[in-house]
Amino acid sequence: MRFENMLMIKVKESMQNQPVTVHFINGYANQLPDDMKLRISTLLEKSMRHDEADMCALHVYDREKEELHILAQAGLSPEYMEHFKSAHPFDTSASGRAIGIGSAIIICDVNADVSYANSRQSANDAGVRAVKAMPLFWQKQKVGVIATHFRDTKYTWNLNHLDEVTTPLAEVLSAASKFIQSRNPRGFRFIFLKAFCKQETENCKVCTI
């Protein structure tokens, strides 16, 4: 996966007093205005702090294709993001399940969650042991998912920890989605595929799907 080198935004310290650096996926970083990227980065930092999470990922929802695409992340390895580079409603990923049913999905232990079996090794390699995925709605429309990740198993949860963040995050994600789509007639899929493509040519057959 290629990250946009100029868009590693370091925001305030996390609960563990470690710097939080938000990476925007290559392609999306080039599309969004700086103030929008800063707003998203600040809200992701708040999500991690409120949830006392070690990592997080923000997915934008393409309603036309019914796909989730990674927009930004903090703390997750490129290999983990490669594995979860796309998700669909009701698939086995936490984010896919969350966007599908429209409510929070909690995985207390990825090694004990039967539906997560295909992703278990990727999670273990990345140091992810527990996940919470929250769908984001703006004006009654699904716009994406915020997923927080934890290095240890987690059996005590407070689903209200992110109440302060989900509405502004949904609002800015909706605005980012409209901004990107207005400038890309080929839609999210093209930007998304280019971000993960290992070819350097503009005429790559995969990226022009």
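No lab work stands behind these numbers, since they all come straight from the coordinates. Since we're looking at a predicted model, the values are computed, not measured. Note: ideal-geometry Cβ built from the backbone for every residue, glycine included; neighbour counts use all protein chains shown.
For region 3-182, what class follows from the C-alpha gyration tensor (a ≥ b ≥ c being the square roots of its eigenvalues): rounded when a/c is under 1.5, otherwise prolate if a/b is larger than b/c, else oblate? Taking the square roots of the gyration eigenvalues as a ≥ b ≥ c, region 3-182 is rounded. Under the combined filter of DSSP loop state and at most 14 neighbouring Cβ atoms within 10 Å, region 24-119 retains these GluC sites (Glu not before Pro): GLU52, GLU64, GLU66.
Filter the trypsin sites (Lys or Arg not before Pro) in region 119-157 to those in DSSP coil with at most 16 other Cβ atoms within 10 Å of their Cβ, and list the result. All intermediate terms of the calculation are to be shown ahead of the outcome.
Details: sites: ARG120, ARG129, LYS132, LYS140, LYS142, ARG151, LYS154; in loops: ARG129, LYS140, ARG151, LYS154.
Answer in residue order: LYS140, ARG151.
Once divided by 2.2 N^0.38 Å, the Cα radius of gyration of region 109-170 becomes 1.28. With contacts taken as Cα pairs under 8 Å at a separation of at least 6 residues, region 3-182 carries a relative contact order of 21 percent.
So which chymotrypsin sites (Phe, Trp or Tyr not before Pro) in region 143-175 are both in a DSSP loop and have at most 16 other Cβ atoms within 10 Å of their Cβ? Walk me through the numbers on the way to the answer.
Details: sites: PHE150, TYR155, TRP157; in loops: TYR155, TRP157.
When the chymotrypsin sites (Phe, Trp or Tyr not before Pro) of region 143-175 are filtered for loop state and at most 16 Cβ neighbours within 10 Å, TYR155, TRP157 remain.
Only the Cβ atoms of Lys and Arg (+1) and of Asp and Glu (-1) were treated as charged; on that basis the dipole of region 3-182 about its Cα centre amounts to roughly 220 debye.
Kindly state, to the nearest 0.05, the FRET efficiency for GLU52 paired with ILE106, given R0 = 25 Å and r defined as their beta-carbon distance.
Working: r = 14 Å, r/R0 = 0.58.
Approximately 0.95, to the nearest 0.05.
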